[in-house]
1. Being surrounded by 19 or more Cβ atoms within 10 Å (Cβ to Cβ), within 29 Å of E192 (Cβ to Cβ) and within 16 Å of the chain's Cα centre (by Cα) narrows it down to one of K2, K69, K9, so name that one.
2. Quick one: would you say A27 is crowded, with 18+ Cβ neighbours inside 10 Å and free of Cβ contacts under 8 Å to residues at least 60 places away in the same chain?
3. Could you identify the single residue in R76, R60, R93 that is in a loop (DSSP other than H, G, I, E, B) and on the phi < 0 side of the Ramachandran plot?
4. So which helices (runs of 4 or more DSSP H) are wholly in segment 133-215 and hold at least 1 residues that are over 23 Å from the mean Cα position of the chain (by Cα) and aliphatic (A, V, I, L, M)?
5. In segment 30-57, what residues are open to solvent by 40 Å² or more (accessible area, probe 1.4 Å) and part of a helix (DSSP H, G or I)?
6. Just checking, does segment 110-117 include any residue being under 23 Å from D8 (Cβ atoms) and either of a type in the set (D, E, K, R) or open to solvent by 100 Å² or more (accessible area, probe 1.4 Å) (or both)?
7. Does at least one position in segment 53-64 carry a residue that is out of contact with any Phe, Trp or Tyr (no Cβ under 8 Å at 6 or more places or on another chain) and more than 21 Å from T204 (Cβ to Cβ)?
8. Residue check: is A62 modelled with pLDDT of 95 or more, among the aliphatic types (A, V, I, L, M), open to solvent by less than 60 Å² (accessible area, probe 1.4 Å) and under 30 Å from D16 (Cα atoms)?
Amino acid sequence: MKTIDVLDKGFVRLVDSMGSDLSVVNAARISYNRASEEMNDKDLKLLKYLWDNKHTSPFRHAFVQIHIKAPLFVLRQWQKHQIGCSWNEMSGRYVQMKEEFYNPLIWRKQHDSNKQSSSGQIDDQMYADDEYYDAITCCVDVYRNLLNAGVAREQARLVLPVSLYSECIWTCSLQALMHFLKERMHQSAQLEIQCYARAVLDLTSSLFHHCLQLK
């Protein structure tokens, strides 16, 4: 299975797929009881017409299934994409969570005017590294202590930060995939999820080459 590494410990991995650019074309052409055997110039124009004019139902006849390993804060943003998607995530109720956390290479500054964005980097990177490491170490120690004291996994996990890595399976229609890429590759999206979106594009571009150029 094709896998692309993301951030320091994450990845996206193609598990399965169904359909192609031609699937979209023929889902639309069934209206006239027609079908194409292979992509041609008319089909490319049809794809563009469908997407530009929001005739999106033909794009829901193709799917991908992707195994994701990402920090919780990335997954929580990603899981806002619900329409045309199905999610199943590793559960801290059933298993003891692996002590794997995202370690940023650079600590960014808060953007001066955009409340949801960052810009540049802070001056004292070492201070931020030390503070972050101390906090993670404390969280891990408390998590272990709670488990050792007999506290249920579903409660002990409450102390774990959103930088914790988790894993899930994401299955989505081609339309949902295209919407995700449009939103999360945009420069206004958080940098970390932009990295995942670019990796997903690399992972799926050969499956839906023409459609993914429309997003």
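1. Details: K2 fails: surrounded by 19 or more Cβ atoms within 10 Å (Cβ to Cβ); K9 fails: surrounded by 19 or more Cβ atoms within 10 Å (Cβ to Cβ).
One residue alone meets the criteria, K69.
2. Numbers: crowded, with 18+ Cβ neighbours inside 10 Å: yes; free of Cβ contacts under 8 Å to residues at least 60 places away in the same chain: yes.
Here the answer is yes, as A27 does meet what is asked.
3. Values: R76 fails: in a loop (DSSP other than H, G, I, E, B); R60 fails: in a loop (DSSP other than H, G, I, E, B).
Answer to the selection: R93.
4. On the way: elements: 153-156, 174-184, 191-204.
The qualifying helices (runs of 4 or more DSSP H) are 153-156.
5. Residues satisfying the conditions are I30, S31, Y32, D41, K42, L44, K45, K48, Y49, W51, D52, S57.
6. Step one: filter segment 110-117 for residues under 23 Å from D8 (Cβ atoms), giving 110, 117.
Narrowing further to those that are either of a type in the set (D, E, K, R) or open to solvent by 100 Å² or more (accessible area, probe 1.4 Å) (or both): 110.
Yes, because at least one residue in segment 110-117 is under 23 Å from D8 (Cβ atoms) and either of a type in the set (D, E, K, R) or open to solvent by 100 Å² or more (accessible area, probe 1.4 Å) (or both).
7. Yes, segment 53-64 contains a residue that is out of contact with any Phe, Trp or Tyr (no Cβ under 8 Å at 6 or more places or on another chain) and more than 21 Å from T204 (Cβ to Cβ).
8. Answer is yes for this residue.
The values are calculated or read from the model by the stated rules, or taken from the named source; none is laboratory data. Keep in mind it's a predicted model, so treat the numbers as computed, not measured. Heads up, the Cβs are rebuilt from the backbone with ideal geometry, glycines too, and the neighbour counts pull from every protein chain shown. Side chains are part of the model used for accessible areas, which takes the heavy atoms of the whole protein and leaves out ligands, DNA and RNA. Shrake-Rupley method; radii C 1.70, N 1.55, O 1.52, S 1.80 Å.
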